[in-house]
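Comments concern the structure below.
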């Protein structure tokens, strides 16, 4: 699967919020917390364009990812894929790219998932480990993996 990343800029904020709301609508509705205005405010409150990349698949923007350096680790702050492009392996491909950088630099990765969201199983399937939880969220961590050594 070939995905490409495209830098986001401040003027993309509305598009990013739209993707976030589309991607989270089902999970938030399921737990009775769907509120587009709150989703907008929460995203914009921490929006850092320099850490935000659109995910492009077959020439189309299908989601975005935000990875921030945080205390000697990487924080996977957001990973959203438009619903019609979910379950195609795009998210897994994005994670492989992030893992490659993290492993190369010996960095752990943290991520938080909404309780009762399908993303919890996604992160567990891809090597994240349960860390702790709060009322609405579950926190996960992935430790760096040793790099394969090639002997010539």
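Where a number appears in this text, it was derived from the coordinates with a stated rule and is not lab data. Treat the numbers as computed from the prediction; the structure is a model and nothing was measured. Here Cβ is always computed from backbone atoms with ideal geometry, including for glycine, and neighbour counts include all displayed protein chains.
Relative contact order for segment 101-149: 46 percent, from Cα pairs under 8 Å spaced at least 6 residues apart, divided by residue count. Relative to the longest principal axis of the Cα atoms of the chain, helix 36-45 runs at roughly 50 degrees.
The mean sequence separation of alpha-carbon pairs under 8 Å and at least six residues apart, normalised by the residue count of segment 3-135, gives a relative contact order of 24 percent. For the chain, the 222 nm mean residue ellipticity estimated from helices alone, with every DSSP H stretch of n ≥ 4 adding -39500 (n - 2.57) and the total spread over all residues, rounds to -10500 deg cm²/dmol. All Cα-Cα separations within the chain were binned at 10 Å from zero, giving a P(r) of 10, 40, 38, 10, 2, 0, each value a whole percent of the pairs. Looking at the chain, the DSSP beta bridges with both ends there are about 90 percent antiparallel.
Taking the C-alpha atoms only, the angle from helix 13-30 to the longest principal axis of the chain is near 80 degrees. Computed packing ranks the peptides 35-48, 113-126 as 113-126, 35-48, most packed first, by mean other Cβ atoms within 10 Å. Reported to the nearest whole Å, the Cα centre-to-centre distance from segment 100-152 to segment 50-85 is 15.
Compared with the dominant Cα axis of the chain, that is its longest principal axis, helix 90-105 is turned about 50°. Segment residue 35..residue 118, full-extension length gain: 28.0 nm, with 0.36 nm per residue of separation and the alpha-carbon distance subtracted. The label point for residue 101 and the one for residue 60, both projected 7 Å from the Cα toward the Cβ, are 2.6 nm apart.
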